[in-house]
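What follows is a single structure, written as structure tokens, with notes after it.
Nothing in this text is a laboratory measurement; each read-out follows from the coordinates by a stated rule. The shown structure was predicted, so the numbers you read here are calculated from the model rather than taken from an experiment. Every residue, glycine as well, gets a Cβ built from its backbone with ideal geometry; the counts of neighbours run over all protein chains shown.
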Amino acid sequence: MLLEKIEALKGQISNLKAENEEALEALRIKYLSKKGEISELFSEFRSVPPEQKREFGQKLNELKTLATDKINTLRDSFKAKEKEAHKIDITRPAMPDEIGTRHPISLVRKEIIDIFSRLGFTLSEGPEVEDDWHVFSALNFAADHPARDMQDTFFINQDPDDVKRNIILRSHTSSVQVRTMERQQPPIRIICPGRVYRNEAITARAHCFFHQIEGLYIDKHVTFADLKQVLLYFAQELFGKDTKIRLRPSYFPFTEPSAEMDVSCMLCGGKGCGFCKHTGWVEILGCGMVDPNVLKASGIDPDVYSGYAFGLGIERITNLKYMVKDLRMFSENDVRFLDEFEAAH
Ligand SMILES: [Zn+2]
């Protein structure tokens, strides 16, 4: 009886198959666990007559070894299959490397800095969180100037009694010019790029932050003619040798006289087109001779020194160079937009 059971189980176990590891584990429990079929045979073994114990014992042990080996072999085959599945296929085509591109603002910023570097301007940078003195007071803004208004400027800390103690997000990079003038005597020839903030509604044409580059040159005998020549060189380097410039009178608190500069339209060459509203000119920057009050405020003697300053928006220049129609594109991090500039390095 017991012998028959052993033979029957031997037959079953030799042909064991399992679909997966769970099925295999079920088989292990069925045959080899404490309450499994083979263990039960071991309990029955106690009732076998002593003279047959040796033979049955041997057969039972063989059966147990057979079952253990079979289950181990099946388990190994699963492990081998799994390993195979994770093997790296070195014949597969490589995934393309996404190396990214420079942001258009960075490209134009670098281009502008490069042009002024060739003229001997050095790079100067300053903090974005500024005090009123460096952004307004030292630059000849009257205490009631509208630029100080809540509508135009972001305040970090506002002193109701004294505007000069306000802490603000700088609304232009002229603050870096003031910091440089405070630190050193002329000659000063710097270019100051940086992010600036204004309390504006965000639209295609305006944003609450943008980037400026300002330039400052102070030395003995600096004249408006020097300014004009430097700006002409700059415009031709940036937009091409045939570019013309024109200066229109304007007003800024920190320069006197002040001017806005236009360049001949890069699309029609000055003939007039839809882009330049048929004027032939496109406005790109503001400039002027540094107001003597500004020099005095920073400890530079206006009777000895004179200088010019200019400032432009990097977004504005980028729009003109690459025909970007919506300012918001610059800060949305849309990779499809950024990829457009891959060739522009
Ligand atoms: Zn035009």
Revision key, fill the gap. About its Cα centre, the stretch 188-332 carries a charge dipole, from +1 on Lys and Arg Cβ atoms and -1 on Asp and Glu Cβ atoms, whose size in debye to the nearest 20 is 500 debye
Practice item. Could you check the simple spin-label distance between Thr203 and Glu182, using points 7 Å along Cα→Cβ, in nm with one decimal? Key: 3.6 nm
Exercise for review: For helix 104-118, report the angle its Cα long axis makes with the longest principal axis of the Cα atoms of the chain; keep it between 0 and 90° and round to the nearest 10°.
Suggested key: 50 degrees
Check your understanding: What residue among Ser264, Ser33, Ser137 shows peak mean-square fluctuation when the chain is described by a Gaussian network model with Cα springs under 10 Å?
Key -> Ser33
Practice item. Can you pull the one-decimal nm distance between simple spin-label points at Lys17 and Lys164, each 7 Å off the Cα toward Cβ? Key: 9.5 nm
Revision key, fill the gap. Least to most buried among Cys276, Cys268, by other C-beta atoms within 10 Å and fewest first, runs Cys268, Cys276
**Study point:** Under-5 Å amide H pairs with Leu285, H placed in peptide plane, nonlocal only
**Key:** Met261
Practice item. Starting from the amide H of Val290, placed 1.01 Å from N in the peptide plane, find each other amide H under 5 Å away whose residue is 5 or more places distant or on another chain. Key: Glu256, Gly307, Tyr308, Ala309
Check your understanding: So what is the relative contact order of the stretch 2-85, in percent, for Cα pairs below 8 Å that sit 6 or more residues apart?
Key -> 41 percent
Point to revise | the chain: relative contact order in percent, alpha carbon pairs under 8 Å with at least 6 residues between | key: 15 percent
**Study point:** the chain: calculated mean residue ellipticity at 222 nm from DSSP helix runs of at least 4, using -39500 (n - 2.57)
**Key:** -12500 deg cm²/dmol
Review point. Magnitude of the Cβ-charge dipole of the chain, K/R +1 and D/E -1, about the Cα centre, nearest 20 debye?
Key: 1160 debye
Review point. For all pairs of alpha-carbon atoms in the stretch 104-344, what percent lies in each bin of width 5 Å, listed from the first bin to the last filled one?
Key: 1, 6, 13, 17, 19, 18, 13, 8, 4, 1, 0
Practice item. Report ³J(HN,Hα) in whole Hz for each residue of the stretch 122-127, in order, from the Karplus equation J = 6.51 cos²θ - 1.76 cosθ + 1.60 where θ = phi - 60°; Gly and Pro get x. Key: 10, 7, 9, 10, x, x
Revision key, fill the gap. Cβ density ranking, 10 Å radius, fewest first, applied to Val282, Val129, Val176 yields Val129, Val282, Val176
Exercise for review: Could you pull out the GluC sites (Glu not before Pro) across the stretch 51-111 that fall in loop regions by DSSP (anything but H, G, I, E, B) with no more than 13 other Cβ atoms inside 10 Å?
Suggested key: Glu98
Check your understanding: So what's the gap between the Cα centers of the stretch 176-204 and the stretch 206-245, to the nearest angstrom?
Key -> 15 Å
Check your understanding: Once phi is turned into θ = phi - 60°, what whole-Hz ³J(HN,Hα) does the Karplus curve with 6.51, -1.76 and 1.60 give for every residue of the stretch 317-325, x standing for Gly and Pro?
Key -> 5, 5, 4, 6, 6, 10, 6, 7, 9
Point to revise | Additional length obtainable on full extension of the chain from Asp326 to His278, 0.36 nm per residue less Cα span | key: 15.2 nm
Revision key, fill the gap. Connecting every pair of Cα atoms under 10 Å apart in the chain and solving the GNM, the largest mean-square fluctuation among Phe330, Phe45, Phe141 falls on Phe45
Practice item. Provide Asp97, Asp162 in ascending order of the number of other Cβ atoms located within 10 Å of each residue's Cβ, fewest first. Key: Asp97, Asp162
Check your understanding: In nm, to one decimal, how far is the Ala225 label point from the Ala85 one, both placed 7 Å along Cα→Cβ?
Key -> 8.4 nm
Review point. Which Cys residues of the chain have no other Cys beta carbon under 4.7 Å away?
Key: Cys192, Cys208, Cys287
Check your understanding: Taking 0.36 nm per residue of separation and subtracting the Cα-Cα distance, what length does fully extending Leu232 through Glu62 add?
Key -> 51.2 nm
Review point. Taking only C-alpha pairs under 8 Å that are 6+ residues apart, what is the relative contact order of the stretch 213-282 in percent?
Key: 18 percent
Revision key, fill the gap. A correct Kirkwood calculation over the Cα atoms of the stretch 2-85 returns a hydrodynamic radius in Å of 13.7 Å
Check your understanding: Which of Gly36, Gly240, Gly299 moves the most in a Gaussian network model of the chain with Cα springs under 10 Å?
Key -> Gly36
Check your understanding: Helix 2-14 sits at what angle to the longest principal axis of the chain, using alpha carbons and giving 0 to 90 degrees rounded to 10?
Key -> 30 degrees
Check your understanding: Roughly what angle does helix 224-239 make with the longest principal axis of the chain, taking Cα atoms, 0 to 90 degrees, to the nearest 10?
Key -> 30 degrees
Review point. Whole-Hz Karplus ³J(HN,Hα) for the stretch 50-65, in order, using 6.51 cos²θ - 1.76 cosθ + 1.60 and θ = phi - 60°, x for Gly and Pro?
Key: x, 5, 9, 4, 4, 5, 5, x, 4, 5, 4, 5, 4, 4, 5, 4
Revision key, fill the gap. The alpha-carbon pair-distance distribution computed for the stretch 243-319, with 10 angstrom bins and whole-percent values, is 19, 38, 25, 13, 5
Revision key, fill the gap. Magnitude of the Cβ-charge dipole (Lys and Arg +1, Asp and Glu -1) of the stretch 2-85 about the Cα centre, nearest 20 debye, reported as 180 debye
**Study point:** Antiparallel %, DSSP beta bridges [both residues in the stretch 104-344], to 5
**Key:** 95 percent
Check your understanding: If we count every other residue with Cβ under 10 angstrom of Ile317's Cβ, Lys/Arg +1 and Asp/Glu -1, where does the sum land?
Key -> +1
